[in-house]
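Q: What follows is a single structure, and I will ask about it in a moment.
The values are calculated or read from the model by the stated rules, or taken from the named source; none is laboratory data. Just so we're clear, the structure is a prediction, and the values are computed from it rather than from any experiment. Neighbour counts run over all protein chains shown; Cβ positions are idealised from the backbone, glycine included. What goes into the accessible areas is simple: the full protein's heavy atoms, side chains included, and nothing from ligands, DNA or RNA. Shrake-Rupley method; radii C 1.70, N 1.55, O 1.52, S 1.80 Å.
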Amino acid sequence: MTFAADSTQSFFSSAFSTQGDAVASTVAVFTSLSVDDQLAVLWYAYTEMGRSITPAATGAARLQLAEGLLNQIKQMSHAEQLQVMRDLAAKRNTQFSRSYGVLSANTKLAFWYELSELMVKGFVVPMPPNYQLSRDGVQVLETLKQLDFGQQITVLRKVVTNMGVDPLAD
């Protein structure tokens, strides 16, 4: 994957101006990304920072609640797997998105970590080797890397919690 930096720096320097709103700004810019860029940022966040995210995500998570969803994904074709991930990120109202929607925030963190691990192992559709992350996506990822650990987890928790469809919500 190729990263490019350019004139978007000035936009993001104001968007991420203070640590106090760095989490909210990062989440806001993340949610403005295309669905594929959102998935790519998650992929890179989990694979590049996964060693520190893993204990926080799985420590409090009841991953066994998500194992059924992960097993369903493993049984699908690569095209179906990608569609499920896109449906989750786009908040499409599907049976899978509703099942994901009832998981706790920490279980959702662990779900995406495990999904990235399955991608690395080849059980789930891999990240295309030639995928070009948008400039905004690159900036979100770079900003995420600069946040402290607690802020990183908060951003990821907010992002993955907002995915899927909560069937119990009004």
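Q: Select from the stretch 24-60 the residues that are open to solvent by 20 Å² or more (accessible area, probe 1.4 Å), among the β-branched types (Val, Ile, Thr) and either modelled with pLDDT under 60 or in contact with a Leu (Cβ under 8 Å, 6 or more places away or on another chain) (or both) and list them in ascending order.
A: Within the stretch 24-60, Thr54, Thr58 meet the criteria.
Q: Follow-up question, since we're still on this one. Kindly indicate whether Tyr131 is modelled with pLDDT of 95 or more, closer than 27 Å to Val23 by Cβ and either in a helix (DSSP H, G or I) or open to solvent by 40 Å² or more (accessible area, probe 1.4 Å) (or both).
A: Numbers: modelled with pLDDT of 95 or more: no; closer than 27 Å to Val23 by Cβ: yes; either in a helix (DSSP H, G or I) or open to solvent by 40 Å² or more (accessible area, probe 1.4 Å) (or both): yes.
No, not satisfied.
Q: For the stretch 96-147, give me each residue that is under 15 Å from Met85 (Cβ atoms) and among the acidic types (Asp, Glu).
A: Glu114, Glu117
Q: Is it the case that Val125 is surrounded by fewer than 16 Cβ atoms within 10 Å (Cβ to Cβ) and of a type in the set (Val, Ile, Thr)? Please lay out each step first, then the result.
A: Details: surrounded by fewer than 16 Cβ atoms within 10 Å (Cβ to Cβ): no; of a type in the set (Val, Ile, Thr): yes.
Criteria not met by Val125.
Q: Could you tell me which of the residues Leu156, Leu168 is touching a residue at least 40 places away in the same chain (Cβ under 8 Å) and not in a loop (DSSP other than H, G, I, E, B)?
A: The match here is Leu156.
Q: Related question: Is it the case that the stretch 136-148 has a residue that's assigned to a loop (DSSP other than H, G, I, E, B) and of a type in the set (Asp, Glu)?
A: yes
Q: From the set of residues in the stretch 70-86 that are within 15 Å of Phe111 (Cα to Cα) and without any contact (Cβ under 8 Å) to a residue 40 or more places away in the chain, which is surrounded by the most Cβ atoms within 10 Å (Cβ to Cβ)?
A: Val84
Q: If we scan the stretch 145-166, do we find a residue that is touching a His at 6+ places or on another chain (Cβ under 6 Å) and open to solvent by less than 50 Å² (accessible area, probe 1.4 Å)?
A: Looking for residues that are touching a His at 6+ places or on another chain (Cβ under 6 Å) and open to solvent by less than 50 Å² (accessible area, probe 1.4 Å), one finds none in the stretch 145-166, hence no.
Q: Is it the case, given these coordinates, that Thr107 is of a type in the set (Val, Ile, Thr), open to solvent by less than 20 Å² (accessible area, probe 1.4 Å), at pLDDT below 95 and assigned to a helix (DSSP H, G or I)?
A: Considered against the rule, which asks whether it is of a type in the set (Val, Ile, Thr), open to solvent by less than 20 Å² (accessible area, probe 1.4 Å), at pLDDT below 95 and assigned to a helix (DSSP H, G or I), Thr107 comes out as yes.
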